[in-house]
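S.K.: The structure follows.
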Amino acid sequence: MFLKQYYLGCLAHASYLVADEESVTGIVVDPQRDIQQYLDDAVSIGVQIQHVFLSHFHADFIAGHLELRDRCGADIRLGARAQAEYAFVPMKDGDTLEFPGLRLQVLETPGHTIESISILVFDLSKDSEKPHAVLTGDTLFIGDVGRPDLRASLGWTAQELGGHLHDSLHNKLLTLPDETLVYPAHGAGSLCGKQLSSDTVSTLGQQRRFNYALQPMTKDEFVQLVSADQPDAPPYFTYDAILNTRERRTLDQSLEEALRPIALDQVLAMGEAGAQVLDVREAGEYAKGHVAGSINIGLGGQYATWAGTILDRDKPIVIIAEPGREQEAAMRLGRIGFDHVKGYLRDGMGALANRQDLVWQTERVSAPMAAEELESAHPPLILDIRAPREWNSKHLNDSVNIPLNHLQERIAEVPRDRRIAVHCAGGYRSSIAVSILNQYGITNLMEIAGGIAAWEAAKLPVVMAG
């Protein structure tokens, strides 16, 4: 038996290749949309990918099930309660796939979604009775459980799904032996839960002891606990969940259009016609000079998540990147189903070498310099664009908190007759915010480089919780 975890940090997503080498059979579980790594590893261990499972219809990324079907001829397997446009094999509770050295057994574990399944992995060369591992999808995480509130727009309440989740955990997963390895579909940073661990594997015994959601409590208490204080779900989550049920273009087909070099004049014309000009360079480079009106979401942070939060799915996208990074930028958008990239600026910012009239700069100042200006007779308004829980933990005195994911809808709250000092935790999100503010004509601003981390490093005062 062969079992390998693939962890994609930017989406906090884990996928798996399970294989039985004797029957040369490979099975991929919850694949990301760019599938080459699974194909390469299957070749290296001498197996053929014949099956692909989705533990559920993921909301935070587009899975690679159609890509594996089209490239390998793999059949698609979903929970028995799933409904999809493409052909699939429905797997109900207790259904198995058995090979000489490997058995996979499905547990229906609704809760995060109604069609959720977990997959028991038996290494038959060691023990045919006790599972070696369980692939839990988004039902059970390390340190957390799947949030039950993401399907409200699709007709399920958090209370209904929360009740299912409680039963799935207690009647299915928690009946397994303590030594069973737990392999979830997400880790820390995912918005599919609220306090996921940075660990990517655990045991059921450890989770039984230390996972807050598995401690003794009534079902009502459980539902209330796991439904409370969940982070805001980005607007693309429902879009992705639905797209994962549909027949759609593959990633390769999408990238054929996205990886098209476009001349500067055409990019400008597209921008005038409503296209979104997306600059994916790092915040420091963007501040030095960028195309007026462009949006900055750097590849170095949670790029796909913020792109899915900030960008409009109905307007075309043109990418500005450092030459050589265009493919990465388009592919990572493709991972969340943003297939409306129409190309990229040929030569990147080099195309504007003789068009400095089109280049804007962001005033980026150090924390001590910002503090000095804040002590002046006409201090700027401090705009903190972090999440509310971050602001409540600690913040700069007299700051105004408008979270980045709500900045566009609350733009009227940002004064236009006063200088604005924008900051976040470390400088990534504040650059996005500055680009949004500029689009709305708010240009009398400065960005505090390094955010509140730099502010504290300079031993400047903050207001602490309590």
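The values are calculated or read from the model by the stated rules, or taken from the named source; none is laboratory data. Bear in mind that the values here come from a model prediction, so they are computed numbers and not experimental data. FYI the Cβ positions are ideal-geometry reconstructions off the backbone, even for glycines, and counts take in every protein chain you see. In case anyone asks, the SASA skips ligands and DNA or RNA and just uses the protein heavy atoms, side chains included. Shrake-Rupley method; radii C 1.70, N 1.55, O 1.52, S 1.80 Å.
S.K.: Among (1) touching a residue at least 12 places away in the same chain (Cβ under 8 Å); (2) surrounded by fewer than 22 Cβ atoms within 10 Å (Cβ to Cβ); (3) more than 20 Å from the chain's Cα centre (by Cα), there is one condition Cys10 misses while meeting the rest; what is its number?
M.R.: (3)
S.K.: Of the numbered conditions (1) more than 25 Å from Ala457 (Cβ to Cβ); (2) open to solvent by less than 50 Å² (accessible area, probe 1.4 Å); (3) of a type outside the set (Phe, Trp, Tyr); (4) over 29 Å from the mean Cα position of the chain (by Cα), Ala330 fails exactly one; give the number of that condition.
M.R.: Of the numbered conditions (1) more than 25 Å from Ala457 (Cβ to Cβ); (2) open to solvent by less than 50 Å² (accessible area, probe 1.4 Å); (3) of a type outside the set (Phe, Trp, Tyr); (4) over 29 Å from the mean Cα position of the chain (by Cα), the odd one out for Ala330 is (4).
S.K.: Please work out which one of (1) of a type outside the set (A, V, I, L, M); (2) within 23 Å of His65 (Cα to Cα); (3) buried (at least 17 other Cβ atoms within 10 Å of the Cβ); (4) modelled with pLDDT under 95 is the condition Ser227 fails and give its number.
M.R.: Here Ser227 clears every test but (2).
S.K.: If I go through segment 146-165 residue by residue, how many of them are open to solvent by less than 10 Å² (accessible area, probe 1.4 Å) and either part of a loop (DSSP other than H, G, I, E, B) or among the polar types (S, T, N, Q) (or both)?
M.R.: Going through segment 146-165 one residue at a time, the tally reaches 3.
S.K.: Scan segment 111-145 residue by residue and report those that are touching a residue at least 40 places away in the same chain (Cβ under 8 Å), open to solvent by 10 Å² or more (accessible area, probe 1.4 Å), part of a loop (DSSP other than H, G, I, E, B) and farther than 18 Å from Leu225 by Cβ.
M.R.: Once the filter is applied, which keeps residues that are touching a residue at least 40 places away in the same chain (Cβ under 8 Å), open to solvent by 10 Å² or more (accessible area, probe 1.4 Å), part of a loop (DSSP other than H, G, I, E, B) and farther than 18 Å from Leu225 by Cβ, segment 111-145 yields Ile114, Glu115, Leu124, Ser125, Lys130, Pro131, His132.
S.K.: While we're on this one: Suppose we filter segment 292-331 for residues that are part of a strand (DSSP E or B) and either among the β-branched types (Val, Ile, Thr) or without any contact (Cβ under 8 Å) to a residue 12 or more places away in the chain (or both); how many remain?
M.R.: So the count comes out to 5.
S.K.: Test Arg335 against the stated conditions and say whether it is open to solvent by 30 Å² or more (accessible area, probe 1.4 Å) and of a type in the set (Lys, Arg).
M.R.: no
S.K.: Then there is this: Ala213 fails exactly one of the following numbered conditions: (1) closer than 20 Å to Leu173 by Cβ; (2) not in a helix (DSSP H, G or I). What is the number of that condition?
M.R.: So Ala213 meets the others, but not (2).
S.K.: I would also like to ask the following. Inspect all residues belonging to segment 206-222 and state whether any of them is closer than 21 Å to Leu165 by Cα, free of Cβ contacts under 8 Å to residues at least 12 places away in the same chain and of a type in the set (Asp, Glu).
M.R.: Yes.
S.K.: Can you find a residue in segment 417-428 that is acidic (Asp, Glu) and farther than 21 Å from Gln302 by Cβ?
M.R.: So far as segment 417-428 goes, yes, one or more of its residues are acidic (Asp, Glu) and farther than 21 Å from Gln302 by Cβ.
S.K.: Another question about this same structure. More than 18 Å from Leu243 (Cα to Cα) and surrounded by fewer than 23 Cβ atoms within 10 Å (Cβ to Cβ), is that true of Ile27?
M.R.: Considered against the rule, which asks whether it is more than 18 Å from Leu243 (Cα to Cα) and surrounded by fewer than 23 Cβ atoms within 10 Å (Cβ to Cβ), Ile27 comes out as no.
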